[in-house]
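Below is one structure; the comments refer to it alone.
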Amino acid sequence: MKLTNFPLHTLKEVPKDAEIISHQLMLRAGLIRRLASGLYTWLPLGMRVLRNIQKIIREEMNHSGAYEILMPMVQPAELWHESGRWGDYGSELARFNDRHDREFCLGPTHEEVITDIARNEISSYKQLPLIYYQIQTKFRDEIRPRFGVMRSREFLMKDAYSFHLNEESLLETYDIMRNAYVRILERLDLKFSIEKADPGAIGGSLSEEFHIIDDSGEIEVGHIFQLGTKYSKSMKASVTDETGKDCPMYMGCYGMGVTRLVAASIQQNNDSKGIIWPKKIAPFNIVIIPINMKKSFRVKEISEKLYETLIQSGYDVLFDDRDVRPGAQFVDADLIGVTHRVVVSDKELDKDMVEYKGRSSDKTRMIKIDKVLDYLF
RNA sequence: CGGGGCAUGGCGCAGCCUGGUAGCGCAACUGCUUUGGGAGCAGUGGGUCGGCGGUUCGAAUCCGUCUGCCCCGACCA
């Protein structure tokens with residue numbers, strides 16, 4: 001990606017709305033912009049990070065035998081009356097009426113909808129166990145949204161739901177999902193802990209939370225539940241077992257805050273200059289900084305060639321082809337946290353070298369131009 | 001929802017006390033110079049000072065009211 005073609009909008013000063021470091025950096029690096037309290041737009045740079053995280057989540061979900069679906073964000077009140085939560089959920093549930101005066105809500109979670117799917121699609125124990133998941137926008141009318149994307153009202157969540165003939169099967173799948181969560185957080189290089197938790201409004205027996213460890217306390221990014229038959233009983237979602245008897249399905253549900261993971265990662269990986277992305281979620285693998293490209297044809301030619309080579313090799317490369325001074329280039333590259341930095345300058349080209357620096361280190365190193373690929377990967 | 005704070009150009013702020021028709025830095029645009037850690041000079045554009053009402057010859061400034069936003073607390077991915 002050539003930077004002159006990429007809408008990167010970094011801020012020099014810290015917006016006064018932002019208190020915690022991840023929120024400040026997300027605004028300064030141009031990942032997000034606030035629309036209203038608890039509502040954020042994701043800009044192109046932020047989308048790249050979000051996509052990388054989603055990719056890892058999808059891979060681990062698919063590996064665990066879960067099937068991706070997409071449910072509506074708007075849900076009819078009838079389902080919530082059936083489960084009993086229309087009354088229980090409180091004002092965090094955003095409700096509205098359509099033009100025919102029917103009641104609806106914006107989905108804060110999807111147990112009702114998935115249970116409705118399950119009771120219609122599943123009728124035999126032979127179809128079980130079954131795991132569905134989706135990555136979708138949720139809306140919870142939080143009493144107090146705060147810390148930017150860390151606790152917003154609208155947010156992107158991965159939610160999975162499993163269905164079983166009996167409790168043993170539920171426990172087995174619960175364990176599989178628990179392991180998938182561990183792998184996801186490990187692949188994201190996050191330091192985390194797992195805590196027993198109160199099932200709260202979601203219900204069920206056992207539940208565990210995945211906490212992100214941070215200096216300023218602990219910011220929860222995942223929560224998994226053994227629901228048992230809470231929803232299947234109230235909403236009559238049953239299957240026939242091998243004896244021909246109708247049994248309510250056992251259910252599990254597994255939530256993960258995708259947008260919150262972005263903030264959590266920044267919260268754990270930053271320095272005074274900006275974000276230090278873990279390799280797998282960085283918006284770009286490499287940034288190429290040509291020094292004074294406008295004056296030096298050699299710098300221009302060689303950095304463009306290097307850019308093409310790295311692109312051909314399948315890497316996400318950011319080529320800072322702006323006509324700005326080197327200082328501005330360095331500062332932006334550090335702020336947005338690109339993993340590898342290659343500087344092309346006349347000074348080093350005289351020796352057929354370019355300069356390399358990793359974002360997480362402050363040592364620079366000279367590399368022969370034709371060895372850059374080998375060195376980096 | 002309770003408590004505290006803030007609202008002036010895209011961002012950060014001054015001006016308000018002591019009313020006289022809006023200013024600084026950054027960002028943006030143009031030109032020249034500059035080019036290894038957010039450049040310099042010159043010039044340009046952009047604000048009904050959060051909304052409404054009141055006081056006054058005159059309100060960003062004083063009074064009333066509403067709204068929005070942020071922080072602390074109980075809840076959540």
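The values are calculated or read from the model by the stated rules, or taken from the named source; none is laboratory data. Being a predicted model, the structure only gives us computed values, none of them experimental. Here Cβ is always computed from backbone atoms with ideal geometry, including for glycine, and neighbour counts include all displayed protein chains.
Could you say which residue among A:Lys351, A:Lys305, A:Lys357 is out of contact with any Leu (no Cβ under 8 Å at 6 or more places or on another chain) and part of a strand (DSSP E or B)?
Exactly one of A:Lys351, A:Lys305, A:Lys357 is out of contact with any Leu (no Cβ under 8 Å at 6 or more places or on another chain) and part of a strand (DSSP E or B), namely A:Lys357.
Please pick out the residue among A:Asn52, A:Asn5 that is exposed (fewer than 14 other Cβ atoms within 10 Å of the Cβ) and either more than 10 Å from RNA strand B (Cβ to nearest atom) or more than 20 Å from A:Trp277 (Cα to Cα) (or both).
It is A:Asn5.
Suppose we filter region A:119-151 for residues that are closer than 18 Å to A:Leu261 by Cβ and more than 16 Å from RNA strand B (Cβ to nearest atom); how many remain?
Number satisfying all stated conditions: 0.
Pairs under 8 Å by beta carbon, first residue under 30 Å from A:Thr309 (Cα atoms) and polar (S, T, N, Q) in region A:1-22, partner surrounded by 14 or more Cβ atoms within 10 Å (Cβ to Cβ) and at pLDDT 90 or above, six or more apart or different chains?
What qualifies is A:Thr4/A:Asp321; A:Thr4/A:Arg322; A:Thr10/A:Arg28; A:Thr10/A:Ala29; A:Thr10/A:Gly30; A:Thr10/A:Asp332; A:Thr10/A:Leu335; A:Thr10/A:Ile336.
Among the numbered criteria (1) touching a residue at least 40 places away in the same chain (Cβ under 8 Å); (2) near RNA strand B (Cβ under 6 Å from one of its atoms), which single criterion is violated by A:Arg325?
(1)
Against the conditions (1) surrounded by fewer than 17 Cβ atoms within 10 Å (Cβ to Cβ); (2) in contact with a Ser or Thr (Cβ under 7 Å, 6 or more places away or on another chain); (3) not charged (D, E, K, R), where does A:Leu206 fall short? Just the number, please.
All conditions pass for A:Leu206, except number (2).
Do you know which of the residues in region A:348-377 that are touching a residue at least 40 places away in the same chain (Cβ under 8 Å) and within 12 Å of RNA strand B (Cβ to nearest atom) is nearest to the chain's Cα centre (by Cα)?
A:Arg359
Could you check region A:296-330 and list, in sequence order, the residues that are closer than 29 Å to A:Leu11 by Cβ and exposed (fewer than 14 other Cβ atoms within 10 Å of the Cβ)?
A:Asp323, A:Val324, A:Arg325, A:Gly327, A:Ala328
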